[in-house]
Amino acid sequence: MALALEAREAGKLPVPDNVAEAVRTLIEWAGDDPSREGLRDTPKRVARAWREYCAGYDEDPAVHLARTFEEVGGYDELVLLKDIPFQSHCEHHMAPIIGTASIAYMPKERVVGISKLARVLNGYARRLQVQERLTAEVAQCIHDYLKPSGVAVVIEASHSCMTARGVRTPGVKMTTSRLLGCFLDDPRSREEVLSLMGY
Ligand SMILES: [Zn+2]
């Protein structure tokens, strides 16, 4: 028995006793018996899942913007990555936030690899968040490290703390946006980026 348990645990992230105990306490509080067979390994699984959900704490999302390309053939029109799916957790209930983000910037001399914008998004999403701050952090990071003429970030997401509990309104989505630089100052640039994003 002890051997089988050790084999199952091999190579997995160790879970401190107090963390497993906290999950057991929560299961009990929810109304179930943490010692029944189906729930016996749950505290460790939950503990490891939370390290994954919050893996963003271990990274600085700006690192993804460190490698840029300067030879863009004179391209100085906007770059847009649309409908990037992401998952986060709200800091008020630790409940899932599930949504999509559209991220655009107006390059000034340099661009980044296409997947990097999604990596910046995930670096901030994989933390305990509020949607407003997530939107602002992604925009500010791109603004600070890529130094483009403008950045636009629009996020649409549904919050499980609202759809699965509380007022229980499935299907409701919240939209947040942060516009910086030319997208904030120049109405024509703003109109162009928002219409390309589908707004
Ligand atoms: Zn919440």
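What the table below lists for this structure:
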quantity: Listed residue pairs exceeding 29 Å between alpha carbons, taken from LYS147/LYS173; LYS82/LYS147; LYS116/LYS173; calculated: LYS147/LYS173
quantity: Crossing angle, helix 17-30 versus the chain [Cα axis fit, 0-90 degrees, rounded to tens]; calculated: 90
quantity: For region 22-110, diffusion coefficient by Stokes-Einstein and Kirkwood Rh (Cα), 37 °C, 0.692 mPa s, µm²/s; calculated: 191
quantity: Viscosity 1.306 mPa s, temperature 10 °C, Stokes-Einstein D of the chain from Kirkwood C-alpha radius, µm²/s; calculated: 83
quantity: Contact order normalised by residue count of region 124-199, Cα under 8 Å, 6+ apart, percent; calculated: 29
quantity: C-alpha long axis of helix 131-146 to longest principal axis of the chain, angle in °; calculated: 50
quantity: Linear extension gain, CYS54 paired with SER195, 0.36 nm per residue minus alpha-carbon span; calculated: 47.5 nm
quantity: Amide hydrogen neighbours beyond the local backbone of CYS90, cut-off 5 Å, H modeled; calculated: ALA95, ILE97, GLN129
quantity: Of the chymotrypsin sites (Phe, Trp or Tyr not before Pro) in region 1-88, those whose Cβ has at most 16 other Cβ within 10 Å and which sit in DSSP loop; calculated: TYR75
quantity: Table column - 3J(HN,Hα) (Hz), region 46-63, Karplus curve with 6.51, -1.76, 1.60, x for Gly and Pro; calculated: 4, 4, 5, 4, 5, 5, 6, 4, 10, 4, x, 5, 8, 9, 9, x, 5, 4
quantity: Neighbour cut-off at most 11 other Cβ (10 Å), DSSP loop, trypsin sites (Lys or Arg not before Pro), region 49-90; calculated: ARG67
quantity: Structure-based [θ]222 nm, the chain - -39500 (n - 2.57) summed over DSSP H runs of at least 4, per residue, nearest 500; calculated: -11500 deg cm²/dmol
quantity: Proximal lysines to LYS12, defined as alpha-carbon separation beneath 22 angstrom and excluding residues fewer than eight positions away on the same chain; calculated: LYS44
quantity: Helix 187-197 axis, angle to the chain major axis (alpha carbon atoms, nearest 10°); calculated: 40
quantity: Contact order normalised by residue count of region 64-197, Cα under 8 Å, 6+ apart, percent; calculated: 26
quantity: Extended-chain gain in nm, criterion 0.36 nm per residue less alpha-carbon gap, THR68 and GLU21; calculated: 12.3 nm
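Any read-out appearing in this document is the output of simple, stated calculations on the displayed coordinates, not a laboratory observation. Predicted, not measured: the structure shown is a model, and the values here were computed from it. Every residue, glycine among them, receives a Cβ derived from its backbone with ideal geometry; neighbour counts consider all protein chains shown.
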